[in-house]
Structures are given as C-alpha cells and as structure tokens.
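Single-structure report; data block below.
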Amino acid sequence: MDRQQVEKTALLARLKLSESEVVKFTEQLTGLLDYVAILNEIDTDDVEPMAHAVEVSNVLRDDEPASSLARDDALSNAPKSDGVYFLVPPILTEG
Amino acid sequence: MHHTIVIGLETHVQLLTKSKLFCGCVNRFNPKNPNVQTCPVCLGLPGSLPVMNREAFLLSVKTGLALNCDISQFTKWDRKQYYYPDLPKAYQISQYDLPFSHDGFLEAEVEGQGVKRVGIIRAHLEEDAGKNMHDETGGSRDSRVDLNRCGTPLLEIVSEPDLRSAAEAKAYLDELKLLLNYLGVSDCNMQEGSLRCDANVNLHIHGDDGSNIATPIVEVKNLNSFRGVEQAIDFEANRQLEIYQETGRKLGDPGVHKETRGWDANRSVTFGQRSKEEASDYRYLPDPDLVPITLTVNEIDEIRQSLCEFPADRRRRFSTAFELSAYDVSVIVNQGAEFADYFETVAGECGDGKQAANWCTQDVLRELNERNAPIGEFPVSAVALGTLLAKVVANEITTKSAREVFAELLELEAIEPTDALSKIDQIIEERGLAIVSDTGELEGVVEAVLAGNQQIADDFRSGKQGAIGPLIGQVMREVKGADAKVVRQMLIEKIGE
Amino acid sequence: MSIVGSTTEELLGQLASGDVSCVELTSAYLDQIAARDPEVQAFLRYDRDDALQQAEQIDAKRKRGEQLGQLAGLPVAVKDNMCTKGQPTTCASRMLENFVPPYDAHVVTRLKEADAVLIGRTNLDEFAMGSSTENSAFQVTRNPHNAEFAPGGSSGGSAAAVGGGMTPLALGSDTGGSIRQPASFCGVVGMKPTYGRVSRYGLVAFASSLDQIGPLAGDVTGAARLLKVIAGHDARDSTCVDLPVPEYTQSLNEPLSGLTIGIAAEHFASGLDAEVESIVRRALDIYTSLGATVKEISLPHSRYAVATYYVVAPCEASSNLARYDGVHYGFRAETFENMIDMYATTRGEGFGDEVKRRIMVGTYALSAGYYDAYYLKALKVRRLIREDFDRAFADVDVIASPVSPTPAFKIGALVDDPLAMYLQDLYTLSANLAGIPGISVPAGTSSGGLPIGLQLLAPAFEEERLLRAARMFEKGGE
C-alpha cells in the first residue's frame, strides 16, 4: 500500500490521520497486505464463499408493533441535541 | 436531425407494514413528533441487531409478481456503506447483487397512444434513512436529525430506460401507483414521501447522415410530484439538446460521468449539484447479521395465487361484465381498489352496471371531491346506494326522486348500513316518492279525468297524439307519484274503448 | 473453607446450605478486588455498594423461600463490551467512554434472571481488537500470576479477574481467540461456544460473523453452568439458532469412553514454544491413560487461517465501526470545520491505533476493485478451513492443540509489531472462522511460572462433548 492509497483509504474511512500515523500505517499495512497475499496460493475457483458461520435461513419476525424508546432515552447519548432532534454541524454545500 | 428522449425511472415506495423493516417500531408518518419511533435497532446503537419483517418481504414478493418479475429463490441482504447524519449505522441494509425480483414489466395506457410496455430491471427491498433537515435560512446553524423514519421498509423499483416522453413517464407512474394501491402494498403519497422518484434522462440524437449519438445520462432527483416528473423531463430534454448543440459532448466521452441534478419545483428548472468528493464507493458487503431467504417454487406459486385482481384485469372484467364504456371503466378503476369495489357492490345490488356507473362517476365522485374524502369515509354505503338504485331500475321511483333521497342520506353522515336501508324506505314514504303504477289505484282517477275531458278524448281519437299530455298531467296531479307511462297507457286504452 | 478459590459448585453448596450468605460471599470477592486489582487492573469499573445491594436482594429472596436462578448469588464479571442498561459500556474506547446504553444485552438479562451478582465491568482491548489487553484506552491489565506479563486479550480483564481470584465467573467475547487465549495465559477455563449458540444482541459488534460470547471460570463445571445460563434462542438475533440447550452440568462428569482425540501435524510446526509443546503432549498422555485414543489428523489449510482472519475480521469491523461518527452517540471532537471534518476528527481522536489499523485494512479490502481479491477470496478460503474440520471430525471426536504458540509475553513486547501480535492467534482463530466451539483448560505452567492451557475443539453444537472431554482431563490431572 503506498502513501496515496493510505490517504485515500483514510478519507473513505473518515479517519483523520496525523503525519506520523500516515507514515507508520503505510509501513504496517503494507506488511499486513503482503502477508495476506499468501491466500493467492490457493486455487478457489470452485469454492463457494462462506459469509456466515452457521447455515441458517428464513429468520423472519411477525409484523407486530412493539414499544419504542421514549425520546429522552433515544437522545440520551447524543453529543448534541435540543431535546427534540439530534444536532449536527451543517454539511458544506453549494447552491 | 431529430432526437429521442430516453428515460428510466427509479421509484422508491414505502411499504404499508405496521412495523419497521428490522425492528418493531411503528411504521407511521410522524414528522411533527420527532424521535419517538426509535429503538436500539433503528438508532443503530452499539450491540443492536436487525431481524427481517415477514410482511414486508411478502408485500415485496407480491409486488414483484404483479410486475411480472422473476422471483429469486435465494435472496440475501447487503450493506451499502456511506456516511450521512440520517444514516445512524453508516450503512443502509439493502440488496446488491441478488435482489429478490428482476426482469419484469408494467403495461400502462398512454393518452392518445395506446398501451406501452415498460421493462422492469429489478425490484429490491431496503431500509429507509431518517431525515436530516438543513438550516433553511442558509446560515451556519446546526442541521437537525429526526430518526422516526429510519428503518421504514422501502421497495426500490428500477425501470428499463424504455420511456420516451413525459407523458409515458406519467402513465407509468400512474399505473404503478394504482397497482400498488390495489395490492395494498403502499399508498404512494409523494407529499408524505411514501413514493419518491428519480429520473435518468438522456437524448439519442439521430443525424441526417444516419448517425446516432447518445448524450450523457443525467439523474434528476428531488422530484416531488408526478407533474414535476413530467416538467423535469421536458426541461432536461431541452437543456441537453442545447448543451449537445453547443459542446457535442456525448455518452462515453473521456471525463464524462453520470451527472446528478436536482429539480427546483419553484423555478421549474433542474440545477447542478455539487459532485461528490469521491465517486460513491459503497463498499457493498453481505450483511453478516442477516441470513438469506429461500423460497420454493410452490411457495412463490402460493403467493401468486393469493394476489388480488390487478387494475388491468379489473378493467377488462368491468368492461365485459357490465358493458361499460372504456372511459367509465377507466374512471372507476383508476380511482383505486376501494372505489372499484364500491362500484361493483352498487352494480351488484341494483343489477344495472350502467346506472351504477353513472351514479358512481358523477354523483358519488363529485361528493367525494367536494369533501376531499376517500370512498371509505363516504356516508352512503355501497349497499345503500345499490338498494336505492335497484328501486329506480325496478321502476319504483324516478331518477329524480332517487337524487332527492340520495341528498338526504348524505346529510345523515355515517349511519349503519341496515339503518340506511330502512331510512331509504322512510324517506320515500314521507315524501311520497313512490311511483304508483297500480292500475287499480289509478283506474278511478283516470276514468274521472276522461269523463271531464271528452273533447280532448275526441281530439286524440281523431289523431292528435299530443292531446293526451294534459290528461296525464291531471291524473298525476291527483295521484302523487303516478307512473306517467302507466297513466298514458290506461288513458289510451280507455279512450279506445 | 475460604470463599475465594472455591469452585462454583462448592460456593453454590455453601449458599444453599446457608453456611455463607450472598452478602458475605460477595464481600469476600470485593475484598479480593480491593486487594489485588490496584495492581492487576482487571476492572474498569466496579461499585461495592451496588454489588452488595444486589447480594442483599438475593439473600432476601432466598430467605423468602423464593425459587432462585441457576447462578443463585454467584458474582459474575462482565467484559465492558456487553450493553448494560443505565451503566457505561465503554468497550475500553474513548469513543464510548460516556456511552450509557438504554437497554440490556441478552446475556446480561440472562444473568439477572439467574440471580447472578454483577460484580463489575472488566477491561479489554479496545473494541475487542487485540491479544494482550494493551490496546485499552484506559488502563493496561496485568497477568495475575506475574505483573510484568500480559494477561492475553481481548478478554484480558475477565481472564485476569477470574485468574486473580477476584470473581468466580466472568463473561468474555471471542472473535479470534479472545476468550481462550487469555484464559490460557491466566490459568483459567475459557470457552467459545458454537457460533449462534449464544445471542449477540447487546454485544458491541467487532466482526459479526465471528463474534461469540462465552464463559470464563476457575473450573470446567463453573464454565458449564455459566454457559447453560447464557445459551439459547433469542428472537432479536437472526444468527442465533433455535436449538434446545442441554443441561451441561448433568452429563459433565461422565467420561467419554472411546474418545478419539485428533492432533494436527500442522499445529506442531516450528515457532511453537518447547515448553508449550511438552505440556500439550503431556496432556495427551493423560488422555491416553484415561482410555482415549490420540490420532493424527490433517488441517491442510490451517497455515492460511491467520491471513483469512485478518481479511474477514477487519472488513466486518470497518463496517461495524463506521457508525461511530459523533452524530447520535459517543464521543464527538470539539474542534472541526464542517460535518465531514467532524466525522474524520472524531474518529481520528476517538479510536486507538489498533482499531484504526483494522478499519483501514477493512476499508481498503472492501473498496472498489479490491473486493474480489481480498474479502471474497478470504471467504472462500474460510470454507476450505471449515471443510478441513468437517473431514477431521469424521475421524475424531475432538481436536487438541496448543492455545497459543508461547506462554504469556511481557507487556510491551509485541505492541509495536502488529503482525507478530496477530500470529499469537494462529491456533484459536480457525474455530471462529469455522464457527465451531473451543475451550481452553489449564494444562500446566511454564518454568517461569506462567500458566499454559490446552485447547480442545469439537464440531458445531457439540459443547456437551467438549465440556465432558475437558472435564475428563481436569479430573485426570488432579
């Protein structure tokens, strides 16, 4: 992974990295990605991917309403709120 | 040089389930009371997990079948990842590569054109986000986030780019909305956001030399009414033509990407939106918290059997069964399933489809529009109206009298249907509206009137057909509700004797 | 008989007979915490008054003759990544330092229903990512047997609490070995159930297809009892199976006659500490003396397990941790320019290094153009690893192996070498990838006095077999 890829990935992951972190991570992540490349040694053309650890399907719930949280509880951990809404800084938009 | 407008529509409809897609919070439009319909799951709290709503999936499959799609026997759920304040998990649970339905079509009647078949690429199920409200003054105040809507079940229906005009687009949307109404899947209310539509528009320019060029595709968002869709399409077509003539840029040119534009309903224009910093990389991932859904061919068939009649089929049936004009059928069926049911009950009760159609499309519809109410809230039940009309058909009262009764029933507001039936008889009795056609009752009066009008009788005998008119009038004044035809017949017979 | 150091069965007996009250018992453990934890630092939070109040209520219940739950007054420590209503659940991260869930995790509800005393919240590697509990944002936990050494991770706090006699029982979570490895390092029993055996509702997700909650205890019976309490169907977790839960403690002491134990040649390759190897081989001798047969099996894809895990887990983690953005809960940075900057700054300041590393790897591997090469590929190798186990279990009843390649390492030794730290998990993470259950039981001590555990693995949903096999060894070694 090169520095540019690290910066691009950090943007995609919404992670603000310091300069030293960018340098450190570039090295460490390159090492890790080099290591996991050994997976390419195996021929997996005819293998189905295993996304779940348990073979279960069709888990459905009945369409019955259940109680919701009171607004105070829903907002209880909000970093910023006016008691009714979650508040976030505005997005920088044009037009 | 001429051009073709090419349009594909992407429609999102909210499903009419009682609870949200992955949790038990109630599924209700509630903008006035923010953040009261949430729970750890739809808030995306750490540790929360989704569980699929059975009814949402069933409604989805029904829709897929009604759109003539193939239903996947194996379908799974994927996370579509992006960051936005109205998306608490920072991913939307949706379907990426294995939607539950694909490759269908919808046929819609386009005014002045006939039936247009529009291909459906796919329909899939996903959860809705919450609402992020910006500072309207354009200032730098915080945006406000309401998560009531977060987790509501959404069906995304993607059409093929088969539409060729604003009129076709409108016809498609009208028929889609009607179909979903008939299926009970969604109420498709654009004002409340239960139906949202994005349009993908471009032009195919046909040169005089036989060349064919496609302009870059533009996605138009924030369309908030069917009319808006039409206007936006026409605006875009003109704008793209101008741009093409100026720049010659076409689809596939290097550096040319799909553009996103918003629709400004106030100024009736599309406007460019800031292009995203990075092209949307949604990093789709099969959701490890949800398991796949499998359906057997039998199960799919069972669902198909349980489907109600589609608007297209109902139109055909009404046309043949009740011998109605295409226009009447259209008006009735397009009002929605409930209204069509109403009509059908009325027609069944009175035994005359045309009578029922006239009354429903005129008297009832007029009242509904004035009251701005749905048929479900109409004070005169279908059985009551049908019974009333049956009397007209049986010649027990005149149409004019029936309108009198109808007017009075309307005033009564909601009463029990059984009460309505006796009420009808009561009103007829009170106002003496019953047509008297019992010859016995009329005999005496007819003879008396004739006796007093020998000259007119002679006139009639000598060929003046019209002379009889005043005599009929006299009898009818004497006997309220006398059936004019019967009186006429009796007079003629007696004159002839 | 002293309370601290007794087995759970002994304690339950004393409670039932009235020899000891719940308050007395809880006090004894609280005293032990006060004595040892200033050095061990296993607990992030505990409240003496609250614990005693819980104990009082249970004593009162017993006095009223009411039916008590299966844990009937036993203290249980809970890893701080399982939501407890009204109490901070921090995941040892600055990001959730002040997060107070408005709901209980399923397992916490089960503990309360079983009349456990929730004695405190234990330390972990931040968001359960790590093998040493050095990645906690708040404190480093030390091995109770030697304070210079790590207790293992990520459930290092829970393992150290049990190993240091500060609680008889604890809950941990295991994504790549995070219960078994610290259990081995701290000299206690730690078990990861089959994936889907225990509900994950309320467990703050790290890697959703790998995470499982499991018990830590001083002995196999205690672990069995705690597993029975937390296992079973929960409609709020779609991946939690609806299968009956056996009475694990009932059959526990019946040895498995004709037991075949598989050992994989691949597990005894170079890199395995000589003392660890000799203790594992001695354990196998004990089994043989008990009538079991040891058989060689092959797990040909085991050498790819670490690589597979370190693609799958970070990918899922990057997705699960995307929600920590400072909008609806958790930490929000103080200074930022606009919304996007708020996200990036919040996450940059709120997460520690290891968490950031894994988010980066996962984000990269899932990004456009790389999905097939990394994530999809890893999921395919995962299936091959699972098939290795299926084939092996056709021949043997359980598989035995070391838990980790070395005994506990010194604190600070591996912190700057992520890959070396990852390789600590090479024996444990296959079980998470395959979804099968595994247990670590104390098997001996190194010459330096550090505990070394033996790992046993069984097919999916064969916890009963696993526990019986473990109990056999425990008894046989007595």
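Per-residue Cβ counts within 10 Å, from other chains only, averaged over C:328-336: what number is that? Walk me through the numbers on the way to the answer.
Details: counts 18, 12, 5, 1, 5, 2, 0, 0, 2.
Whole-number average of other-chain Cβ neighbours for C:328-336 is 5.
Send over the Kirkwood Rh of the protein assembly as shown, from the inverse of the averaged 1/r over different Cα pairs, rounded to one decimal Å.
Values: mean 1/r = 0.0297 Å⁻¹.
It is 33.6 Å.
Of C:188, C:120, C:287, which is farthest on the positive side of the dipole of chain C, counting Cα position, with +1 on Lys and Arg Cβ, -1 on Asp and Glu Cβ, and the Cα centre as origin?
Of the listed residues, the answer is C:287.
Would you mind calculating the relative contact order of segment C:98-167 from Cα pairs under 8 angstrom and at least 6 residues apart, reporting the percent as a whole number? Please report the intermediate quantities before stating the final value.
On the way: 92 pairs, mean separation 18.1, N = 70.
Normalised by residue count, the contact order of segment C:98-167 is 26 percent.
Relative to the longest principal axis of chain B, what angle (0 to 90°, nearest 10) does the C-alpha long axis of helix B:484-496 take?
That works out to roughly 30 degrees.
Round to the nearest 10 and give me the degree value, 0 to 90, for the angle of helix B:54-66's Cα axis relative to the longest principal axis of chain B.
With rounding to tens, the tilt is 70 degrees.
Cα centroids of segment C:32-110 and segment B:1-19: how far apart, whole angstrom?
Result: 53 Å between the Cα centres.
What fraction, in whole percent, of alpha-carbon pairs in segment B:2-297 exceed 32 Å separation? Intermediate results must be reported in sequence, preceding the final value.
Values: 12831 of 43660 pairs.
Percent of Cα pairs beyond 32 Å in segment B:2-297: 29.
Based on DSSP H assignment, which helices of chain C show an axial Cα extent of at least 24 Å together with a mean Kyte-Doolittle hydropathy greater than or equal to -1.0?
Details: long enough: C:22-40 (26 Å, 0.11); C:377-395 (28 Å, -0.66).
For chain C, where a helix must reach 24 Å along its axis and average at least -1.0, the hits are C:22-40, C:377-395.
Can you grab the distance from the C-alpha centre of segment B:223-268 to the C-alpha centre of segment A:2-24, Å, no decimals?
Value for the Cα centre distance between the two parts: 37 Å.
Considering all projection directions equally, how large on average is the shadow of the alpha-carbon convex hull of chain C, in square nanometres?
Numbers: hull surface 86.9 nm².
It is 21.7 nm².
Let me know the shape class of segment C:92-149, please: from the alpha-carbon gyration tensor, a ≥ b ≥ c as square roots of the eigenvalues, rounded when a/c is under 1.5, otherwise prolate if a/b is greater than b/c, or oblate.
On the way: a/c = 2.74, a/b = 1.47, b/c = 1.86.
Oblate, since a/c reaches 1.5 and b/c is not below a/b.
Rank B:204, C:106 by accessible area, highest first, at a 1.4 Å probe radius? Display every interim value, and only then the final one.
On the way: B:204 75, C:106 20 Å².
Of B:204, C:106, the descending order of accessible area is B:204, C:106.
Can you give me the relative contact order of chain B as a percent, contacts being Cα pairs under 8 Å and 6 or more apart? All intermediate terms of the calculation are to be shown ahead of the outcome.
On the way: 861 pairs, mean separation 65.7, N = 497.
With pairs under 8 Å counted, the relative contact order is 13 percent.
Please go through segment B:26-127 and write out the trypsin sites (Lys or Arg not before Pro) that DSSP classes as loop and that have at most 10 other C-beta atoms within 10 Å.
Sites meeting the loop and neighbour criteria: B:32.
So which chymotrypsin sites (Phe, Trp or Tyr not before Pro) in segment C:165-218 pass both tests, a DSSP loop state and at most 13 other Cβ atoms within 10 Å of the Cβ? Intermediate results must be reported in sequence, preceding the final value.
Details: sites: C:185, C:195, C:201, C:206; in loops: C:195, C:201, C:206.
Listed in order of number, the matching sites amount to none.
Quick one: accessible area per residue over the protein assembly as shown, 1.4 Å probe, rounded to a whole number of Å²?
Numbers: 41860 Å² over 1070 residues.
Per residue, the protein assembly as shown has 39 Å² of solvent-accessible surface.
Given A:16/B:80; B:80/C:79; B:18/B:177; B:18/B:131; B:89/B:221; A:16/C:79, which pairs have Cα atoms separated by over 27 Å? Before the final figure, lay out each step's value.
Details: A:16/B:80 22 Å; B:80/C:79 30 Å; B:18/B:177 20 Å; B:18/B:131 20 Å; B:89/B:221 24 Å; A:16/C:79 29 Å.
The pairs that break the limit, which is 27 Å between Cα atoms, are B:80/C:79; A:16/C:79.
Determine, from the Cβ-Cβ distance of residue A:35 and residue B:227 and an R0 of 51 Å, the FRET efficiency 1/(1 + (r/R0)^6), rounded to the nearest 0.05.
0.30
Considering only B:490, B:452, B:467, whose Cα is most displaced toward the positive end of the charge dipole of segment B:439-496, charges sitting on Cβ of Lys, Arg (+1) and Asp, Glu (-1)?
B:467
Within 10 Å of each candidate Cβ there may be at most 16 other Cβ atoms; applying that plus a DSSP loop requirement, which GluC sites (Glu not before Pro) in segment A:14-95 survive?
The qualifying sites are A:55, A:94.
Can you pull the mean other chain C-beta count within 10 Å for peptide B:29-35?
Details: counts 0, 0, 0, 0, 2, 6, 14.
Average per residue, whole number: 3.
Relative to the first principal axis of the alpha-carbon coordinates of chain B, what is the inclination of helix B:166-183, with its axis defined by its Cα atoms, in degrees from 0 to 90 and to the nearest 10?
Around 80 degrees separate the two axes.
Per 10 Å bin, what is the whole-percent P(r) computed from every C-alpha pair distance within segment B:439-496?
Here the calculated profile for segment B:439-496 is 25, 62, 13.
Taking the Cα centre of segment B:439-496 as origin and charging only Cβ (+1 Lys, Arg; -1 Asp, Glu), how large is the dipole, in debye to the nearest 20? Write out the running numbers ahead of the final one.
On the way: 7 positive and 8 negative charges, 42 e Å.
The dipole of segment B:439-496 has a size of about 200 debye.
Rounded, prolate or oblate for chain A? Axes are the square roots of the Cα gyration tensor eigenvalues, ordered a ≥ b ≥ c, and the cut-off for rounded is a/c under 1.5. Show your work: numbers first, answer last.
Numbers: a/c = 3.06, a/b = 1.25, b/c = 2.46.
Oblate, since a/c reaches 1.5 and b/c is not below a/b.
Return the distance in nm (one decimal) between the two label points of a simple spin-label model at residue C:67 and residue A:70, each offset 7 Å from Cα along Cα→Cβ.
3.2
Under 8 Å for C-alpha pairs, at least 6 residues apart: give me the relative contact order for chain C, rounded to a whole percent.
Numbers: 1139 pairs, mean separation 81.9, N = 478.
Contact order relative to length: 17 percent.
Where the centre of each part is set by its Cα atoms, how far does segment B:82-154 sit from segment A:27-49, in angstrom?
Measuring centre to centre over Cα atoms gives 36 Å.
What residue among B:345, C:338, C:371 has its Cα farthest toward the positive end of the dipole of the protein assembly as shown, where the charges are +1 on Lys, Arg and -1 on Asp, Glu, each on the Cβ?
The residue sitting most towards the positive pole is C:338.
Between residue B:454 and residue A:19, how many nm apart are label points set 7 Å from Cα along the C-beta direction?
13.2
Within 10 Å of each Cβ of B:76-86, how many other protein chain Cβ atoms are there on average?
Numbers: counts 3, 1, 0, 5, 0, 8, 2, 12, 6, 13, 3.
Mean partner shielding for this stretch: 5.
Carbon and sulfur: what percent of the protein assembly as shown's accessible surface (1.4 Å probe)?
Details: 19910 of 41860 Å².
Carbon-and-sulfur percentage of accessible area, whole number: 48.
Quick one: dipole size for segment C:1-154, taken about the Cα centre, charges +1 on Lys/Arg Cβ and -1 on Asp/Glu Cβ, in debye to the nearest 20. Don't skip to the end; give the middle numbers.
Values: 14 positive and 22 negative charges, 68 e Å.
Computed charge dipole of segment C:1-154: roughly 320 debye.
Under a Cβ-only charge scheme (Lys and Arg +1, Asp and Glu -1), can you give me the dipole magnitude of segment B:2-297 about the Cα centre, in debye to the nearest 20? The partial results should precede the final answer.
Numbers: 32 positive and 42 negative charges, 190 e Å.
The dipole of segment B:2-297 has a size of about 920 debye.
The values are calculated or read from the model by the stated rules, or taken from the named source; none is laboratory data. Please read all numbers here as calculations on a predicted model, not as lab measurements. Positions of Cβ are backbone-derived with ideal geometry, glycine not excepted, and every protein chain shown enters the neighbour counts. SASA here: full protein model, heavy atoms, side chains in, ligands and nucleic acids out. Shrake-Rupley method; radii C 1.70, N 1.55, O 1.52, S 1.80 Å.
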